[in-house]
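Colleague: I have a structure here, written as structure tokens, and I will follow up with some questions on it.
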Amino acid sequence: MEFAELEKLIKTRRSIRKWKTDAVPEELLVKAIELAGWSPNSGGKQPYHCYVITNPVKIAAIGEAVQEVTDYLASLCKSVDDQAVVERWQANSGFFRNAPALVAVSASIYQSIADKLQADNMDQPRVCEINRCRQIAGSRLQTVGAFVDHLLLAFHALGLAAVWMAGPTQAKTAVEKIINIGDNEDFVALIPVGYADEQPVAPVRKPVEQVVTFLR
């Protein structure tokens, strides 16, 4: 692939929140997931699993579970200044219910040798500080992040449209029960996918000078 082709693929991808009612062929979903599996992953373990949900009843149930938690959190708002923002967030929380398919991504329990050494020595103050730093950038979540990024690009290349959601994890326990996620996995991301029914404009990006620092 020429760099210009890659640049076009990346720059034309959008986070889509409105979809047509057309069903997504399962073979396209599988193809995208297989390709995303070539993303970098910690220890070569690929500690992720995709639960593809096309059953409207289950999609609705996930939407209701997320909305219930959203409504509860919204009820805690005490600031008049925040009220409009909270109400808008509350109203849009379940938009993914209109997607013809959801991909729920789980992360299995994974311990690198560094993780194991820390877990076995948490009585040491220095280890506790090392572990605190490590938790900010856990390897299994970074692996899932790379996987989802590749998945979004694969969907886009196949003519599909999706959006990466972390918000639904606020209803983690309920969602895991609905899709029967195992005890050794954690629900960590939700990707609604379908054929786009909107064309959002490209968002403004920071100039590269603001996001890079050279230490020469």
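The values are calculated or read from the model by the stated rules, or taken from the named source; none is laboratory data. What you see is a predicted model, and the numbers here were worked out from it, not measured in a lab. Neighbour counts run over all protein chains shown; Cβ positions are idealised from the backbone, glycine included.
Colleague: Regarding residue 79, is this residue of a type in the set (S, T, N, Q) and crowded, with 16+ Cβ neighbours inside 10 Å?
Modeller: no
Colleague: Pairs, please: C-beta under 9 Å, at least 6 apart or cross-chain, first residue surrounded by fewer than 15 Cβ atoms within 10 Å (Cβ to Cβ) and in region 85-107, second among the charged types (D, E, K, R) and not in a strand (DSSP E or B)?
Modeller: 92/17
Colleague: From the list 208, 204, 175, 188, exactly one residue is at pLDDT 95 or above and surrounded by fewer than 11 Cβ atoms within 10 Å (Cβ to Cβ). Which is it?
Modeller: 208
Colleague: Please state which of the following conditions residue 142 fails to meet, knowing it meets all the rest: (1) of a type outside the set (Gly, Ala, Ser); (2) buried (at least 16 other Cβ atoms within 10 Å of the Cβ); (3) under 19 Å from the mean Cα position of the chain (by Cα).
Modeller: So residue 142 meets the others, but not (2).
Colleague: What's the number of the only condition in (1) closer than 16 Å to residue 156 by Cβ; (2) surrounded by fewer than 11 Cβ atoms within 10 Å (Cβ to Cβ) that residue 22 fails to meet?
Modeller: Only one criterion is unmet by residue 22, namely (1).
Colleague: For region 135-180, name all the residues that are of a type in the set (Phe, Trp, Tyr) and within 24 Å of residue 73 (Cβ to Cβ).
Modeller: 164
Colleague: Still on this structure, please answer the following. Taking the condition surrounded by 14 or more Cβ atoms within 10 Å (Cβ to Cβ) and either farther than 21 Å from residue 152 by Cβ or under 19 Å from the mean Cα position of the chain (by Cα) (or both), does residue 115 pass? Write out each step before concluding.
Modeller: Details: surrounded by 14 or more Cβ atoms within 10 Å (Cβ to Cβ): yes; either farther than 21 Å from residue 152 by Cβ or under 19 Å from the mean Cα position of the chain (by Cα) (or both): yes.
The answer is yes for residue 115.
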